[in-house]
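This report refers to the structure that appears directly beneath it.
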Amino acid sequence: MDAPVLGIPFLIVVVWVATGVGLLIAVRRSGSPIVLRLAATFLALWAVLVTTALAWVVIEAGWGGAGRLVRSPFTLFQPQYASVWALGAAGASLVLALAFLINQLVGRGWLSILQPTVVAWPEHLPPPGTSIALLGFPDPRVDAFSFTLVEFGGPRLIRRREVILLSSGLRTALTPEELESVIAHELGHVRDLDGRYLTFFRTFARLMRWDPVLGRVATALTRCEEYRADDEAVELTHNPRALARALFKASTNGGGELGARAVGFLGLGGERGRAEAWRRIRRLVARAESAAPAEDADGG
């Protein structure tokens, strides 16, 4: 391996990797906005590094030089490649901006196409505040999802609007307590800022398909955030079985045919989303069963 250049010792590389692993673990265990922002910053820097490496391979060495970069990664830090770093930073920034733009356009497109109407907020859940809108839209699928829109104007110039969308199929198929649990689940996503960070990061990972690390991290974080939103829903409703039933109906399109399936509420689409839904159902049922003895003891 080449000797470190530009004063970057091997220890810094170790610290860099350790910081990334530590932040990802912290994101999985904490809903703190500070942790999420630090993780987002680290991933943005990682994107610059990966994009710069790709630019170096394409411009300087050709695809045959990829192995050379793997064997001697410090080559990338030599002074003559400063222009490649500038190109990598510009490319990563472009992808970041594009991911943000796509998220905003998709969210606004949903509102424009679906023409949702206001849905009454469940009285047993905490008041949502003025920044959260609960809306319903016509769709036979049993589905729900949430996202964040950035809007300009008004006293604060820039403000965020959190949107929770419920399909008509979901509102028809679910009982009131099941519907309440789904709304509580989506409220958990809103409180954990998933619409601001996780949705954006998933889009970013899809755009940077040349980096498989981002794709794997996005999938792992999605699974983690769905579990955490489930836990927050249970904390609010004290009814894990209701959420488990709602997940079953979403994964089977109301408990019947398996053709049209939820995407937003399940976190992942297709068979992978349905398999993940069954894991979440088993987890919720286990939580309900573990809580049952304590409730019986209190009642006795």
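What follows draws every value from the coordinates through simple rules; no lab data is involved. The structure displayed is predicted, hence computed values, not measured ones. Positions of Cβ are generated from backbone atoms using ideal geometry, with glycine treated the same way; all protein chains shown enter the neighbour counts.
Points worth noting:
- Ascending count of other beta-carbon atoms within 10 Å, so fewest first, for Glu225, Glu232, Glu177, Glu186: Glu177, Glu232, Glu225, Glu186
- Residues Ser112, Ser168, sorted so that the one with the fewest Cβ neighbours within 10 Å comes first: Ser112, Ser168
- Ratio of Rg to Rh over the stretch 166-255 (Cα coordinates, Kirkwood Rh, two decimals): 1.05
- Ranked by how many other Cβ atoms sit within 10 Å of their own Cβ, fewest first, the residues Val21, Val58 fall in the order Val21, Val58.
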